[in-house]
Structure formats: C-alpha cells, structure tokens
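Only one structure is covered here, and it is reproduced in the block below.
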2 protein chains.
Amino acid sequence: MGSFVTHLEAPLDGTRLDHRALQTVHAGRPLVARYDLPAVRRAVSREQIARRAPNLWRYRELLPVEDERNVVSLGEGMSPLVRCERLGERLGLDDLWIKDESQLPTGSFKARGLCMAISRARELGVTRVAIPTAGNAGGAMAAYAARAGIEAWVFMPVDTPLVNRVECDLVGARVVLVEGLIGDCGALLRSGTEAMQWFDCSTLREPYRIEGKKTMGLELAEQCDWRLPDAIFYPTGGGTGLIGMWKAFDELAQLGWIDDERRPRMFACQAEGCAPIVRGFERGERFAEPFANAHTLASGLRVPSALGDFMILDAVRESHGAACAAGEASLTGWMRTVASLEGIALCPESAACIDVLAKLAERGEVRRHERTVVFNTGAAQKYVEVLTGCEPARRLVLRPGAAVDWKRVSGEWCA
Amino acid sequence: MGSFVTHLEAPLDGTRLDHRALQTVHAGRPLVARYDLPAVRRAVSREQIARRAPNLWRYRELLPVEDERNVVSLGEGMSPLVRCERLGERLGLDDLWIKDESQLPTGSFKARGLCMAISRARELGVTRVAIPTAGNAGGAMAAYAARAGIEAWVFMPVDTPLVNRVECDLVGARVVLVEGLIGDCGALLRSGTEAMQWFDCSTLREPYRIEGKKTMGLELAEQCDWRLPDAIFYPTGGGTGLIGMWKAFDELAQLGWIDDERRPRMFACQAEGCAPIVRGFERGERFAEPFANAHTLASGLRVPSALGDFMILDAVRESHGAACAAGEASLTGWMRTVASLEGIALCPESAACIDVLAKLAERGEVRRHERTVVFNTGAAQKYVEVLTGCEPARRLVLRPGAAVDWKRVSGEWCA
C-alpha cells in the first residue's frame, strides 16, 4: 500500500502541491508527479520487474496509484516493438522499429494515460469524469470509466472518426458533439464543470495521464535491454506521450537503470495542416502560438494549442531532436506503403512520423546505423473514413458458381 | 533450427503425411501436426518459458516453424486475461474472466492462426496465398502475407464488415467480393487454384492455423498458473480455436505440465441464425449438416458448414461441455451490457458466448464458484455496422461558445 509519489510539482515555478488531494493545474499550467527515487531503487530491481506480468503495472513503483485495489486495468501495456527491415530498406535505415500501440485496449496508446487517470480518480473518490478529445482518448476514458463504474462525458468534434463516437456510445458514455475543434470541446466542458461537478480529464489538466504515458518510455528501455534508441519519432497532438517518455528517461537515469549520458533525440511529428509545435520550434519560442484554421486528415493531430507546449519544446531541444511537419498529401500514401511492406496498419498520425523520418533520413539527419523507433499510436482500423479512401477504384464482385477467367483477373490486378 | 514436429496426421483414420512438404487435407478432411513430446519435455521447462518475451513464440517448442528466420511476427500473443467482477455479479458468477483477443495484431484472434500459416508458407516456398473469410481472418492473413512479401487474395462475402474489407485493401491484398457466404467464397477460390497456383489458407485446409490457435490454450494454462479453468466459452464459426485449445490441453497433459485428469468443459457458442454445430450436437451426430439460410449479425459465425465439425463435436463431448446457440436479438444488448460493466468492447460473436453463459448460469449448469473464461475474439471497433446500431437515439450537438443548461442536459441524460 502507498505509492512512492512525494508530491505534485509545477515545472514552470517549482510549486509543490499535495498528491493526496484531487489536483488539476497550477496557474493554468500542468503538474507532474515526483517520486522518492532512492526509495524506489531500494524497493525494486530491473530483474524483479522482468519477472512480472507483461503489462504496464509491472512498473508499479514508478506509478502513482496508492492502493492496488484502485487499479482499473484492461491488461494494457508491453506493446510489441516490431523490427521493420523492409521499410528500413526503403528509407535507408538498418535498425528501424515500430512500437505498435494499436495492440492496447481500445486500440490506441490513449489506454495508458487514461487507465492511470481513472485509477487515480477512483482512488480520490471521483464519480463523474469528462474529457475533450480528438478521438481515441475519449474511447479509452469511456472504457476505463465504465469498468470503474464512473459516469463519463466525452466532448468531441462532430467530424471525429465515427468509430471513436460509437465506441463511447457502446460503453454507455454521454457523447457531446461539438461543431469545432478539441479546444472548443474543452471550453464547453469547462463551462459545465461548476454545474456538473465532473472531474476534468483533459490532457495535462489531469496530472496522472502523463504517468501512464511514461510507461512507453519504460517499456522501450526494457525492450531495448536498458539501452535507449538513438531517435524516437512520435506523433504529437497534446504531446503527453513525448513529455512522459522524456520524464521516464530522467527517472530511469536517476535510478541508475540506464546510462545517464545517452538519450534519444526526440522528434515531435505533426502534419502541415496543424503544426503549432513545429512553428514554435522553428521560431525558437518556448510557448507555441495557437494554430489558426487547423485541418488535417490525422484527426489526433488536430490540436491547435497544447497546454504542455513548453514541456514538449523543452524535451525536443534538450534531446537535440526537432519538431517537424509531414506533408498532408503524404499521409495515406505512407499508410499504404508501411502496411504493404510490414503488415502494420499505421494510424494517419503515425504516417506523419514516417514522412518526417523519410525526409530526415534522406538528408542524413538520421543515419543508417542509428536505432530508430516510430510509435504507431493507434489502429488504422479505427479510421474508417481514411481507409475507405484507400480502397481500389475497381472491385471484383463474383456470384456463387461464376466461371472466372483467373488469368485475366491476375493480369489486371497483379501487373 | 528444426522443430519438434514428427508428422502430420489425419485424425479420422490416422494416416501420416510428411510435414516437410506443403500439405492441405487428406481425403477432404483436416490434418493435424504431431510432436515428439518427450523430446520437447527434455528441451524446455515451464520456468524457462516464463522468462521469455510475452508473445506466442514463447511456446516455440510446441510450434511447427523449423527455422526461426521464417517466423513472420507482428508481436502477437499473451493477450490479457481480464477479471470481470461486475459482469460476474450480474450473471451470478464469482470467478469470471475474459481473455481479450482484441489486443492482437489486426484486432482479432485470427492473428494467431495466420501468423503460423504464413510463417510455414514462407518456410515452404509459397509466393501466393488465398483465403475465404467471414471477416477477421482475411485481414489477419493479408497483414502477415504483406509482411512476408507474399501475394494475398482474400475472398469475402459482400456484406462482410466494411473494416475487414478496407484493412485488406490497405496492406495491398486483392479483395474479391462474393455475393454469398463463406462457403461460396471457398468454392470460388478453389475454382481458381489450378490457374492461379495459390496456396489455400482456408480454415483447416491448411494444417498450421490450428497450431497458432492452440496458443490460446497454452497461454490460458500459463496465465492460470498451469491449472485449467472449469469452463470455456468460445464463439464457434470454423472452430479452429476450440479444436486447437483442446489439442493444447492434451499436449500439456502429455508433457506433465498440467493435471491430466482435469479439463475444462468446452462450450461451442453459435447464434440461432447459423448454428450447425449446435444442431449436430443436439442430434447426437458426429458430422454436422450444412445450415441452410444462414444469417446472423455475428458475421464471424456465418459459417454454415465447418470442415472440422467432427473435431469440434468430439472435443465438446469429451469435455462434457455443450454446443449452444445465442438468441439473435440478444447480441447487441449483451455487447452494451458487457461494455458498460467492464469497459470491454466484445465483438458480436463473443456476445453470443455471454448469452449462452447467462442461460447456463441461470440453470445452474455453470456454478457460481467455477472458474469460467469467455473469449473476446475481436475488437467491437471493427464492427462499425453493428456499433452504429448501438448509438443513442438523441445526440447533444453544441456550437463553440454555446450557453448550455447543464442541469437540464443531465436530467435528460442521466435519468
């Protein structure tokens, strides 16, 4: 019983807040959990972790839940790290891997953050939660809230992928459609907080989603035998995962579990149609100006303004990485290319990473021998609207008993 | 190098065939792989397996691939076994679990069988494969074939869920739509085999899918600390998984890794609209008559005639289980119930299992204290057509900046 968390901290000014109370933000900016890492070091070893069940709770000493009975789990974590030789050959890279987060509950990386947020919400007595979402976060929160017996309200843009909407309906969440973007969803949600007394699970307004997302970095370290890769390509909307991984690497270094001198270069990938972090990076700013008229096929990247912008940009710069934008028109092409070479159905957000990586590899900024990891943050199968755009123009439709000239069909289809 | 497979065997008459050659069926009926189990026992222990990576290849001594370099893997296996207390309470069961196969590559249990079939196909020099499918098998085969660089042809009914079709398109498979059922797909496929020289990966016409599916049983044994559950509820279309698990338990008993006297009762679950195995079971037959006018929302159960009917029925009877049909009208209701209680989005095929289980628990044929495992064989998110039927009749649609009477909304939505 009890966690190793000592307090919550505001990264901008170091203010400390009590983690045993329900907290959201400090002066409008995110809070992060701090741990008694020397005590963690005494409590557990990498060898002990290796013997635990293959889910993210294997790192429980580095997670914020106080009482195991509050854990709300659907078996999330330890997503596979898949070697991609054929794609690597195409891009001129010898050591390319995809960490496939589509193999998590509800088919996306959002399960990591939301299992943690909902577990802590349960622990702190919350009975109603709400979230603004560009898509997969809503489905994940709704699922964990259902399992915890907590009432869930999900605010999503009207043009959110259909599957995200209906997966929320299925688990009994209240879905509110908003004729706008995720920022508008957040504003409407907050307009109801006083009346509805819901706990706001927005990205980085809730302090523990980042702790769940950080397990991507912990797993990656363990899967690479505690030697971090050279470069990480991560699709960046709200950026919690990138911030979380960077925090994970810092904690692992403090624990002495990885070499402190060696960190991956972090590449925050966005799409041209909504690239506030890229613009902030290029302008040398610490805070990113909201991106006007955001529009991209990669619905998860439709985040014009990120509360943790400075945390993303700090991590990218400290790591000697970059924030880069993919060409909007390239996304479906990369989805097809990666799928046909590797059998991995990338979400459009992760296709953006491949476009960025291809350009950097071409320019020699990622080198052939470097160990490079791309995150597939969700199952392409959830993006029906995008996938129907990948259907072939012509279809072969047959009746039972039809006589088919297979040689002709083959000639037309396999040319 | 090398596997522990000794030969392929026809279960009906014991005929032995060479596993080092490409094989399909014997006298029109399935073949199964046999192993040198005493040698396996000398080669590996349960403790060694426990230390391996969390995917199905941890059981490699019980799998048919000869050379590790031929393994085509997307990181499949070790799907979570999730405790379901709230659903259990609803059904009057104290020890209910769902093994969630939606957390596999391509979002379904079909990944297990097809990774094995494609690995062996590659090993034996196949360059073109074809499959008839009710849905998820096509998507899985297409993905693994793409990764292996093997050309894939997928035959599916025109009313197969949209996502199954577009996931095949995405990876570059040739999709043939058939105005009929899976049996018609198979017949058309076989009409092209001579001209096209494709290797037929149909359920049980290919001998290794069953070896992949058998890992569900191996994992379940390991996850239950090598003590098998009392009852297993499995959605049964072609039945490979049920046959595979039964074979796994037999092999584990021969290895001395489980108690030979204790096997789970196996429940083959179908839907009223297509229940050939149930009818065969009730009539006391060993071979099931094809089911006329098959129609059910559970697209994966639209299998009017299963090549392995006798193997399914043998296993069900030996285990003292049963084959039972779910009420067609119950399926979406159970999907909603399970999702809202547990956060697990069951596919309609698995909802059929819950309906069967509910009836048997009600009648006392499954008892409160018994450890009961239900397989969720695929992600509900892939069944868009079914899920849109679960949407609420009314939607709240808001404009940015709208003034909302939250109390009224709450009154209407949370009554």
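The values are calculated or read from the model by the stated rules, or taken from the named source; none is laboratory data. Small disclaimer: the values here were computed from a predicted structure and weren't measured. Note: ideal-geometry Cβ built from the backbone for every residue, glycine included; neighbour counts use all protein chains shown. Each accessible area value is taken on the protein alone, full model and side chains, heavy atoms only, with ligands, DNA and RNA left out. Shrake-Rupley method; radii C 1.70, N 1.55, O 1.52, S 1.80 Å.
Beta bridges assigned by DSSP with both partners in the protein assembly as shown are antiparallel in approximately 30 percent of cases. Each other copy places its own label point for residue B:94 at 6.1 nm from this one, sorted shortest first, where the point lies 7 Å along the Cα-to-beta carbon line.
If you put a point 7 Å past Cα along the Cβ direction, how far is that point for residue B:193 from the same point in each other copy, in nm, smallest first? Copy-to-copy label distances for residue B:193: 6.5 nm. 3J(HN,Hα) couplings calculated from phi for segment B:83-100 with the Karplus curve 6.51 cos²θ - 1.76 cosθ + 1.60 (θ = phi - 60°) are, in sequence order, 5, 10, 6, 6, 5, x, 4, 4, 8, x, 10, 8, 9, 9, 9, 10, 8, 9 Hz; Gly and Pro show x.
For segment A:218-326, chymotrypsin sites (Phe, Trp or Tyr not before Pro) meeting the loop criterion (DSSP other than H, G, I, E, B) and having at most 13 other Cβ atoms within 10 Å: A:226, A:287. Counting only other chain Cβ atoms within 10 Å of each residue's Cβ, the peptide A:224-233 averages 0. Computed on the Cα atoms alone, the convex hull of segment A:170-282 gives a volume of 161 cubic angstrom per residue.
A 1.4 Å probe over all protein chains sorts A:128, A:367 by accessible area into A:367, A:128, starting with the largest. Normalised per residue, the accessible area of segment A:1-55 is 56 Å², obtained with a 1.4 Å probe and no contribution from ligands, DNA or RNA. Of all chain B C-beta atoms, the nearest to the rotation axis linking B with A is recorded, alongside its rounded Å distance, as B:54, 2.
Neighbouring Cβ atoms from other chains, within 10 Å of the Cβ of residues in B:136-142, number 1 on average.
Taken residue by residue and averaged, Cβ atoms of other chains lying within 10 Å of the Cβ of B:64-74 number 1. Close amide-amide hydrogen proximity is noted between residue A:26 and A:31, each under 5 Å apart and 5 or more residues distant or on a separate chain (H modeled in the peptide plane; Pro and chain starts excluded). Compute log10 of I(q)/I(0) for segment A:325-376 with the Debye formula, placing one identical point scatterer on every Cα and leaving out solvent, at q = 0.25 Å⁻¹, to two decimals. The Cα Debye sum returns log10 ratios of -0.98.
Applying both filters, DSSP loop and at most 10 other Cβ atoms within 10 Å, to the trypsin sites (Lys or Arg not before Pro) of segment A:153-237 gives A:227. Residues B:110, A:382, sorted by accessible area with the largest first, give B:110, A:382 [1.4 Å probe; ligands and nucleic acids excluded]. Inter-label distance, residue B:187 to residue B:66: 3.7 nm, where each label sits 7 Å from its Cα along the C-beta direction.
Per the Cα gyration tensor, segment B:234-287 maps to an equivalent ellipsoid with semi-axes of 26, 11, 9 Å, ordered largest to smallest. In chain A, the convex hull through the Cα atoms has an average projected area of 22.2 nm², a quarter of its surface area.
May I ask you to give the percent of accessible area on chain A that is carbon plus sulfur, with a probe radius of 1.4 Å? Using a 1.4 Å probe with all protein chains present, chain A comes out at 46 percent carbon and sulfur. Normalising by residue count, segment B:325-415 has a Cα convex hull of 147 Å³ per residue.
Less than 16 Å from a label point 7 Å out along the Cα-to-Cβ axis of residue A:50: which backbone N atoms in segment A:210-244 qualify, by residue? Label zone hits: A:219-228. Accessible area of residue B:311 (1.4 Å probe, protein heavy atoms only, ligands and nucleic acids ignored): about 20 Å².
In the frame of its principal axes, segment B:133-198 has Cα extents of 29, 28, 13 Å, reported largest first. Give the separation of the Cα centroids, segment B:266-302 to segment A:372-395, in Å. Cα centres, segment B:266-302 to segment A:372-395: 34 Å.
Distances between placed amide hydrogens fall under 5 Å for residue A:326 paired with A:270, A:271, A:272, all partners being 5 or more residues away or on another chain. Looking at segment B:1-88, the trypsin sites (Lys or Arg not before Pro) that sit in a DSSP loop and have at most 11 other Cβ atoms within 10 Å of their own Cβ are B:51. Computed with a 1.4 angstrom probe on protein heavy atoms, the B-A interface buries about 6200 square angstrom of accessible area in total.
Residue B:391 label point (Cα plus 7 Å toward Cβ) to equivalent points in the other copies: 1.8 nm, shortest first. Between A:40, A:404, A:25, the Gaussian network model of chain A with springs among Cα atoms under 10 angstrom shows the greatest mean-square fluctuation at A:404. Excluding same-chain neighbours fewer than eight residues apart, the lysines reachable from residue A:247 by a Cα-Cα span under 24 Å are A:99, A:110, A:213, A:214.
Here, P(r) means the percent of Cα pairs in each 10 Å bin from 0 to the largest distance; for the protein assembly as shown it is 3, 14, 24, 27, 20, 10, 3, 0.
Of the two radii for segment A:207-267, the radius of gyration is 0.94 times the Kirkwood radius, both from the alpha carbons; that is the Rg over Rh value.
Once Rh for segment B:220-356 is found with the Kirkwood sum over Cα pairs, what is the Stokes-Einstein diffusion coefficient at 4 °C and 1.567 mPa s, in µm²/s? D = 85 µm²/s.
The GNM of chain B, with springs linking C-alpha atoms under 10 angstrom apart, assigns the highest mean-square fluctuation among B:53, B:275, B:111 to B:53. Computed from phi, the 3J(HN,Hα) profile of segment A:301-313 under the Karplus parametrisation 6.51, -1.76, 1.60 (θ = phi - 60°) reads 9, 7, 10, x, 8, 10, 4, x, 3, 5, 6, 5, 5 Hz, with x in place of Gly and Pro.
Give me the angle, in degrees from 0 to 90, between the Cα long axis of helix A:110-123 and the longest principal axis of the Cα atoms of chain A, rounded to the nearest 10. Its long axis makes an angle of about 30 degrees. P(r) for segment A:81-207: what percent of alpha-carbon pairs falls in each 10 Å bin, starting at zero? Cα pair-distance distribution for segment A:81-207, in percent: 13, 40, 25, 13, 7, 1. Computed over the alpha-carbon pairs of segment A:26-138, the distance histogram in 10 Å steps reads 11, 31, 34, 19, 5, 0 percent, short to long. Between residue A:279 and residue A:42, the modelled label-to-label distance comes to 5.1 nm, taking each label 7 Å out from Cα in the direction of the beta carbon. Comparing A:77, A:186, A:333 in a Gaussian network model of chain A, where Cα atoms under 10 Å apart are tied by springs, the biggest mean-square fluctuation is seen for A:333.
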